[in-house]
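Written below as structure tokens is the structure these notes are about.
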Amino acid sequence: MSHKTSRRHFLKTTAVTGAGFLVCAGNAPQVARASALQSVAVAGIGVGGKGSGDIQQAGFYGKVVAVCDVDKRTLESKQKTFKDAKGFTDFRQLFADMGDKIDACTISTTDHMHTVITAQAMKLGKHVYTQKPLTRTIAEARYLGELAKKTGLCTQMGNQGSVEDTLRRSAAELRAGIIGEVKEVHVWTNRPIWPQGPDRAMTMERFIAEKKKLSPDTADDEIADKKKAVAAALDNVDWKLWIGTAPYREYWPGLYHSFAWRGWWDFGTGALGDMACHLVNMVFKGCDLRNPTSVVAKTSGHDFNSFPQTSVCEFAIPANSWRGPVRFVWYDSKQTPAPELAAKYGFGKFSEGGGSLVIGDKGAMYGGTSRAEGGKVLEAPKNLDYVIAPIDEQKRGGDARHKFEWFNAIWQNKPSLCWSDFIHQAGPLTETILLGNLATWAAPKAGEWGEKVEWDAANLKVTNLDKLKTPGVATLVKPKYANGYEQLP
């Protein structure tokens, strides 16, 4: 019996015979025991920032045996927490050395590296918890969903609000018709909270030219200091590994690593990718916002290198077997739907921090908790059918509860127990969201609606590609990996 087979058999049998885990059926919360802490061997890939919490929480329920990060200081810090875990800077070396010793991975890297790491883990038979957005491009999301279906592994995307009881109830209420047939969906965020906008790229050549022009008297000292700062940073960060599948560019302090990468097309997915997996999650489940047929955007302008500072995207969602077509609008940078909509349904003022508004022919739902029609509160349907996430003995919530749901699926060998599994939720949700970035790309001129992108979701094709004047749209559907990484099939 192979090691992979024997470990999966062991996990399945211990879940049934030894651990006694309870998975919640229906909508009554139950406490599940988390006592077999050594049964799942976990590797954390990308363990700084959000990844730090991800592997920490995975350590509540499994044994952390390996950690990986291209930032050596981050790696050293995490190894002090998990003293028995082996450390790696290259995920490929981790899999080569530890592939037969791990069962599951948390993957919390930059967006552009999610797919290659997650896919390799799954091909090796590892369960995966991958941060949101699942991928940087649409074809990658479809690929990981298909891989999850093929392998039968337990998968979860890191939109941790999924485990909240209110979110699951609200999705069920929408399905049950609390506001009637859904007509419009509006979702908004205060992101980006990192720099975005055109002409932000910096190189040493550009820096030198600017300093010599603007401050010639101090230029030499400033240039020398900057070179020292870059060299010191590169002693700590393996820049080639950080670049990964993206085209090479120079490292520059503060522009990319460790947080501002979200605002660059090569590495991130902008405000839409960062927050829509959270804010659209409930509405996507409740209204089935999959397979848009077109999307168009208006932005503050961009240079095809950095995302625009602001954008609005409008999606056309087709009718399905149980509802008609839906107009879905996304807003970022503290933009909100028209205030008149809040007044019409009796919701007061929309929060600039972010939210969702779903409008039906009988009323509206705001933020998943307020349901009204002209100030009259709508009565919740009775006997709703939805599943509450399991809760551990410590009654940990949020991110930890989301990991616990994933571990419960692993322990019981039931991938369907994960709300944000790649097949049914995370993959299709990410596909819809990232289509908005195609429209954002096709709207580079400030203050103007860009070109409408017509979409064939079944075949992952822009049907009007030959008519679009904007170059490069196809690479946001299916990317070409640089630096020798294996291409998508």
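The values are calculated or read from the model by the stated rules, or taken from the named source; none is laboratory data. Everything numeric in this text was worked out from a predicted model, so none of it was measured. Because the Cβ atoms are built from the backbone with ideal geometry, glycine has one as well, and the counts that use them run over all protein chains shown. Side chains included, ligands, DNA and RNA excluded: accessible areas come from the protein's heavy atoms. Shrake-Rupley method; radii C 1.70, N 1.55, O 1.52, S 1.80 Å.
Take Ala232 and tell me if it is crowded, with 24+ Cβ neighbours inside 10 Å and either at negative phi or touching a residue at least 24 places away in the same chain (Cβ under 8 Å) (or both).
Details: crowded, with 24+ Cβ neighbours inside 10 Å: no; either at negative phi or touching a residue at least 24 places away in the same chain (Cβ under 8 Å) (or both): yes.
No.
Identify all residues within region 95-126 that are of a type in the set (S, T, N, Q), touching a Leu at 6+ places or on another chain (Cβ under 8 Å) and closer than 13 Å to Ala43 by Cβ; write none if there are none. If you could, list the steps in order and put the result at the bottom.
Step one: filter region 95-126 for residues of a type in the set (S, T, N, Q), giving 106, 108-110, 115, 118, 120.
Still in the running and touching a Leu at 6+ places or on another chain (Cβ under 8 Å): 115, 118.
Matches in region 95-126: Thr118 only.
Scanning region 420-432 for residues that are part of a helix (DSSP H, G or I) and either open to solvent by 10 Å² or more (accessible area, probe 1.4 Å) or in contact with a strand residue (DSSP E or B) (Cβ under 6 Å, 6 or more places away or on another chain) (or both) turns up Phe422, Ile423, His424, Ala426, Pro428, Glu431. You will find that of Asp69, Asp100, Asp90, the residue that is touching a helix residue (DSSP H, G or I) at 6+ places or on another chain (Cβ under 7 Å) and open to solvent by 70 Å² or more (accessible area, probe 1.4 Å) is Asp100 and no other. Applying the criterion of being of a type in the set (A, V, I, L, M) and part of a strand (DSSP E or B) to the residues of region 433-464, the residue that is least open to solvent (accessible area, probe 1.4 Å) is Val453. Listed by position, the strands (runs of 3 or more DSSP E) contained in region 291-384 that have at least 3 residues being touching an Asp or Glu at 6+ places or on another chain (Cβ under 9 Å) are 294-299, 311-317, 326-331, 354-360.
Restricting region 131-147 to residues that are farther than 17 Å from Thr245 by Cα and out of contact with any Gly (no Cβ under 6 Å at 6 or more places or on another chain), the residue that is surrounded by the fewest Cβ atoms within 10 Å (Cβ to Cβ) is Glu146. Checking every residue in region 398-419 against the condition of being more than 30 Å from Val312 (Cβ to Cβ), in contact with a Cys (Cβ under 8 Å, 6 or more places away or on another chain), open to solvent by 10 Å² or more (accessible area, probe 1.4 Å) and not in a loop (DSSP other than H, G, I, E, B) gives at least one match. So, in region 148-176, of the ones that are open to solvent by 10 Å² or more (accessible area, probe 1.4 Å) and in a loop (DSSP other than H, G, I, E, B), which residue ends up farthest from Asp385 (Cα to Cα)? Only one residue fits best here, namely Gly152. Within region 439-489, the set of residues being more than 24 Å from Pro247 (Cβ to Cβ) and β-branched (Val, Ile, Thr) comprises just one member, Thr463. Among the candidates Ser258, Ser306, the residue that is open to solvent by 10 Å² or more (accessible area, probe 1.4 Å) and either under 20 Å from Glu184 (Cβ atoms) or of a type in the set (Ser, Thr, Tyr) (or both) is uniquely Ser258. Here Ala32, Ala15, Ala58, Ala36 are screened, and the one residue that is at pLDDT 95 or above and of a type in the set (A, V, I, L, M, F, W, C) is Ala58. So how many residues does region 199-217 have that are more than 13 Å from Leu255 (Cα to Cα) and open to solvent by 50 Å² or more (accessible area, probe 1.4 Å)? So the answer is 10.
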